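*Asks:* Please read through the structure below; I'll follow up with questions.
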Amino acid sequence: MKKILLGGTALAAAALVVMPALAADNPVTSGLSMKISGFVAWEAGLIIGSDDDNRDREYDFNSNGRLQFDIKNVTDSGLEYGARIRMNNVNRRQDVTVDRQYVYLKGDFGTVTFGDSPQVAGDFGYFFAPDDILNSQGGYGDNLDGNYRYGGADFFSLDPTYHSGLDKSTSIKYASPSLGGFIFAVGFTPVISGDKNLSNGTQGRADLFDGGQIFEDAISAGIGYEGEFDGTSVKVRGTASYANGIDHHWDLETYSAGAQVGFGGIVASLVWVGTPSGFNAGATDKNFDTVGLGLGYSLGALNFGLGYAYTWADKGNGLSGSDDKGSDLKDNHVAAATVNYNLAPGLNTYAEVIYEIQNFRLTNGNPTDTSWEQAVFQTGISVAF
């Protein structure tokens with residue numbers, strides 16, 4: 001019995017020694033909150049008509065998921081800080097890709113972000129009204145902003161990061177607080193890579209100083225205004241981005257200007273993206289321009305989206321399309337119509353039709369006009385959490 005008592009006393013003493021250490025550790029994470037979100041989606045697709053006859057079938061199923069972790073806290077002085085990790089392509093066919101991984105600090109001074117996050121050109125340059133209406137998830141029922149699993153989407157841009165190579169490489173960026181509705185932001189990225197096989201998203205890197213580099217010293221900036229007038233929301237923004245091309249890639253120069261208006265369940269958007277040099281991850285120095293239109297309408301659980309984008313390019317760009325039968329793009333038209341229905345909290349279903357035609361100046365290297373045309377019907381279901 002005495003041995004038991006002595007053993008109990010020793011355990012109690014040890015607990016008293018450990019407890020202060022634990023108490024000292026608690027404030028480090030006290031107040032931190034973590035949110036887990038994401039989605040799981042399934043889709044069926046049918047090619048209504050296409051110039052591409054090389055497929056085994058004209059229909060297929062696919063599924064995918066996303067998992068996102070958000071950490072946040074606010075200090076006594078009012079400084080907000082946190083981090084985000086987002087994993088895309090959570091499925092059995094692909095390696096999971098981490099396309100967002102960053103730390104941020106936010107206060108009266110604005111927001112500073114460190115890590116793998118969308119470039120300023122993506123934050124400020126993206127305008128597409130259906131995104132404010134449709135309950136879409138990661139390319140499933142996203143109208144024009146989809147994943148194009150059956151081909152297409154080689155050329156049009158809804159913001160300057162589409163086909164420019166900017167994407168989400170490791171960077172530092174600053175966004176101002178709202179100053180009477182006006183905001184601005186600037187970001188810097190030392191190097192952007194074209195390596196698409198690593199876990200750092202679609203523009204990963206093999207190591208710190210090398211690995212399929214296409215641009216270096218990338219600077220992206222944006223300015224805009226947001227406000228509301230008698231129930232009408234207005235957003236206007238513009239961006240400019242530059243980067244030095246390396247390893248036989250052209251320098252990047254790309255701009256955008258856009259506006260979005262919303263009233264009574266209706267949202268409309270218009271955006272222009274111009275890339276005088278560096279389109280398609282630095283593959284050409286010829287000018288590419290896109291004008292994109294978006295319209296969204298909400299009837300509560302039932303939502304509608306319409307999108308159209310027209311792209312034209314200077315002669316001599318030499319770029320090929322989805323089936324590689326034509327080259328030197330002349331122009332590109334893509335349109336989409338989407339209907340989305342919210343069945344229950346987090347449970348959404350949709351149906352959409354996407355049509356695209358690409359016109360080229362060359363056929364097999366000869367100056368003969370050719371085109372690639374396709375229409376696809378897609379429907380699916382997703383659970384967001």
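*Asks:* Over the chain, average the accessible area per residue using a 1.4 Å probe and give it in Å², no decimals.
*Replies:* Value returned for the chain: 50 Å² of accessible area per residue.
*Asks:* Pull up the cross-link candidates among the aspartates and glutamates for Lys72, meaning alpha carbon to alpha carbon under 15 Å and not fewer than 8 places away within one chain.
*Replies:* Candidates past the 8-residue exclusion: Glu80.
*Asks:* Can you tell me what the convex hull of the Cα atoms of the chain projects to on average, as an area in nm²?
*Replies:* Numbers: hull surface 103.8 nm².
Taking a quarter of the hull surface, the average projection is 26.0 nm².
*Asks:* Computed from the mean reciprocal separation of all distinct C-alpha pairs, what Kirkwood hydrodynamic radius does segment 219-288 have, in Å?
*Replies:* Taking every pair of different Cα atoms in segment 219-288, averaging 1/r and inverting gives 13.7 Å.
*Asks:* Which peptide among 238-246, 90-98 comes first, and what is the full order, when sorted by highest mean count of other Cβ atoms within 10 Å? Intermediate values should be presented prior to the final figure.
*Replies:* Details: 238-246: 20.6, 90-98: 12.9.
Put in order of decreasing packing, that is 238-246, 90-98.
*Asks:* Taking the Kirkwood radius as the inverse of the mean 1/r across Cα pairs, report the Rg/Rh of segment 312-383.
*Replies:* Radius of gyration relative to Kirkwood radius: 1.23.
*Asks:* Run a plain Debye calculation on segment 50-173 (Cα atoms as equal point scatterers, no solvent) and give log10 I(q)/I(0) at q = 0.19, 0.21 Å⁻¹, rounded to two decimals, same order as the q list.
*Replies:* -1.31, -1.44
*Asks:* Would you calculate the separation in nanometres between label points at Arg57 and Asp331, each defined as 7 Å from the Cα along the Cα-to-beta-carbon direction?
*Replies:* Once both label points are built, they end up 3.8 nm from each other.
*Asks:* For segment 105-161, treating each Cα as an identical point scatterer without solvent, what Debye log10 I(q)/I(0) comes out at q = 0.22, 0.24 1/Å?
*Replies:* At q = 0.22, 0.24 Å⁻¹ the computed log10 ratios are -1.01, -1.09.
*Asks:* Once the principal axes of the Cα atoms of segment 240-380 are found, what is the range along each, listed largest first in whole angstroms?
*Replies:* Per principal axis, max minus min of the Cα coordinates gives 52, 33, 24 Å.
*Asks:* Tell me the label-point distance for the pair Asp230, Ile266, using the 7 Å Cα-to-Cβ offset, in nm and rounded to one decimal.
*Replies:* 1.5 nm
*Asks:* Relative contact order for the chain: what percent, with Cα pairs under 8 Å and sequence separation of 6 or more?
*Replies:* Here the relative contact order equals 15 percent.
*Asks:* Excluding residues on the same chain fewer than 8 positions from Lys286, give the aspartates and glutamates whose Cα lies under 12 Å from its Cα.
*Replies:* Asp251, Glu253, Asp314, Asp328
The values are calculated or read from the model by the stated rules, or taken from the named source; none is laboratory data. Only a predicted model underlies this, so the values are computations on that prediction, with no experimental measurement involved. Please note: Cβ atoms are built from the backbone with ideal geometry, for glycine as well, and neighbour counts cover all protein chains shown. Calculation scope for accessible area: heavy atoms of the full protein, side chains included, ligands and nucleic acids excluded. Shrake-Rupley method; radii C 1.70, N 1.55, O 1.52, S 1.80 Å.
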